[in-house]
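**Student:** First, the structure itself, so that you have it in front of you.
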Amino acid sequence: MSYVTPKKSLGQHFLKDQNIARKIVASLQAHGIEHVLEVGPGMGVLTKILIEQTSYVTYAIEIDKESITYLESNLPTMAGRIIYGDFLKMPFTGVFETPFAVIGNFPYNISSQIFFRVLENRNLILEVVGMIQKQVAERIAAPPGSKTYGILSVLLQAFYKIEYLFTVHEHVFAPPPKVKSAVIRFTRNQTLALDCDERLFVNVVKNGFNQRRKTLHNSLKGLTNGTITDPLFQKRPEQLSVAEFVRLTNLISENRVQEG
Ligand code: SAH
């Protein structure tokens with residue numbers, strides 16, 4: 001088999017440009033980790049460069065059987081380190097029980113789900129370098145106050161430093177995607193736990209942004225008894241930093257305790 005037939009349903013757009021592939025791999029700092037997990041190697045354009053690196057050992061998870069067959073015959077040195085499966089469901093056992101990094105030209109249709117999986121495993125996944133849709137990259141890297149700042153920006157920025165690294169044009173892929181792409185990097189920050197009830201924090205962020213044009217006083221009515229007067233409640237969700245969302249969550253918790 002000389003190449004893998006691109007399947008739209010799996011988000012397969014194969015990168016053709018070796019220089020960009022090198023730039024992506026070079027963006028991985030891999031401080032303090034021994035293992036890197038590549039999500040969706042496809043025909044191995046990144047994998048080939050990853051296996052040349054000496055400071056870590058690369059594994060890859062791929063959901064497409066045809067790509068697996070291709071990789072097994074073209075990258076024999078990866079034998080035993082190519083996993084056939086779904087990144088969203090794979091168990092983090094064996095080498096993935098100790099901190100690792102994630103890299104990939106991600107399937108764009110599931111990039112948000114990939115990020116939620118990363119968040120759930122934030123104490124294992126210390127770094128992520130990924131190519132995603134440019135608009136999504138801008139959104140998650142957006143600072144408070146910007147129009148594109150949203151749920152994923154707050155949740156990810158609570159635990160990771162997010163950097164928008166560079167933009168990638170559609171013509172470097174086969175077949176070209178309909179959207180522009182960008183490479184981003186997440187680096188785990190020092191926050192072990194938020195200084196508030198984390199489940200309530202997620203609810204506050206989600207409810208707040210569900211009606212992003214309303215003040216938090218209005219959009220969070222379901223979570224409060226409406227008697228909190230703190231000025232934070234007069235703001236709109238995109239105006240709040242992570243620290244302010246933490247404070248907001250604590251105000252709601254205290255209000256609930258008083259109620260009970
Ligand atoms: N890294 C390659 C391919 C990128 S396309 C390149 O740069 O050329 C995205 C890849 O992710 C495809 O190979 C696709 O089969 C794979 N993929 C899609 N969904 C996946 C999932 N849930 N788990 C693992 N791999 C997945």
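**Student:** Give me the residue from segment 50-71 that is open to solvent by 10 Å² or more (accessible area, probe 1.4 Å) and assigned to a helix (DSSP H, G or I) and, out of that set, farthest from the ligand (Cβ to nearest atom).
**Tutor:** Ranking the qualifying residues of segment 50-71, first place goes to 69.
**Student:** Against the condition more than 12 Å from the ligand (Cβ to nearest atom), assigned by TED's automatic domain parsing to the domain that holds residue 132, open to solvent by less than 10 Å² (accessible area, probe 1.4 Å) and not β-branched (Val, Ile, Thr), how does residue 79 come out, does it pass?
**Tutor:** Working: more than 12 Å from the ligand (Cβ to nearest atom): yes; assigned by TED's automatic domain parsing to the domain that holds residue 132: yes; open to solvent by less than 10 Å² (accessible area, probe 1.4 Å): no; not β-branched (Val, Ile, Thr): yes.
No: the conditions fail for residue 79.
**Student:** Considering only segment 35-49, state which residues are out of contact with any Phe, Trp or Tyr (no Cβ under 6 Å at 6 or more places or on another chain) and near the ligand (Cβ under 10 Å from one of its atoms).
**Tutor:** Applying the first criterion (out of contact with any Phe, Trp or Tyr (no Cβ under 6 Å at 6 or more places or on another chain)) to segment 35-49 yields 38, 40-41, 44-49.
Those that are out of contact with any Phe, Trp or Tyr (no Cβ under 6 Å at 6 or more places or on another chain) and near the ligand (Cβ under 10 Å from one of its atoms): 38, 40, 41, 44, 45, 46, 47.
**Student:** Can you find, within segment 1-16, the residue that is most open to solvent (accessible area, probe 1.4 Å) among those that are more than 10 Å from the ligand (Cβ to nearest atom) and not β-branched (Val, Ile, Thr)? Reasoning before the result, please.
**Tutor:** Within segment 1-16, the subset more than 10 Å from the ligand (Cβ to nearest atom) is 1-3, 5, 8.
Retained after the next criterion (residues that are not β-branched (Val, Ile, Thr)): 1-3, 8.
Numbers: 1: 123, 2: 92, 3: 142, 8: 162 Å².
It comes out as 8.
**Student:** Go through segment 89-103 and count every residue that is surrounded by 13 or more Cβ atoms within 10 Å (Cβ to Cβ) and near the ligand (Cβ under 10 Å from one of its atoms).
**Tutor:** Qualifying residue count, segment 89-103: 2.
Residue-by-condition table, conditions (1) out of contact with any helix residue (DSSP H, G or I) (no Cβ under 9 Å at 6 or more places or on another chain); (2) more than 20 Å from residue 187 (Cα to Cα); (3) touching a residue at least 12 places away in the same chain (Cβ under 8 Å):
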residue	(1), (2), (3)
74	no, yes, yes
90	no, yes, yes
107	no, yes, yes
117	yes, no, yes
124	no, no, yes
128	no, no, yes
138	yes, no, yes
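**Student:** So how many residues does segment 22-39 have that are more than 19 Å from residue 82 (Cα to Cα) and touching a helix residue (DSSP H, G or I) at 6+ places or on another chain (Cβ under 9 Å)?
**Tutor:** Here the count works out to 4.
**Student:** Something else about it: For residue 32, are the conditions met, namely being buried (at least 17 other Cβ atoms within 10 Å of the Cβ) and either assigned to a loop (DSSP other than H, G, I, E, B) or more than 9 Å from the ligand (Cβ to nearest atom) (or both)?
**Tutor:** No: the conditions fail for residue 32.
The values are calculated or read from the model by the stated rules, or taken from the named source; none is laboratory data. For clarity, every value in this text was computed on a predicted model and none was experimentally measured. Don't worry about glycine lacking a Cβ; one is built from the backbone with ideal geometry, like all the others, and counts go over all protein chains shown. The accessibility values were calculated without ligands, DNA or RNA, using every heavy atom of the protein model including side chains. Shrake-Rupley method; radii C 1.70, N 1.55, O 1.52, S 1.80 Å.
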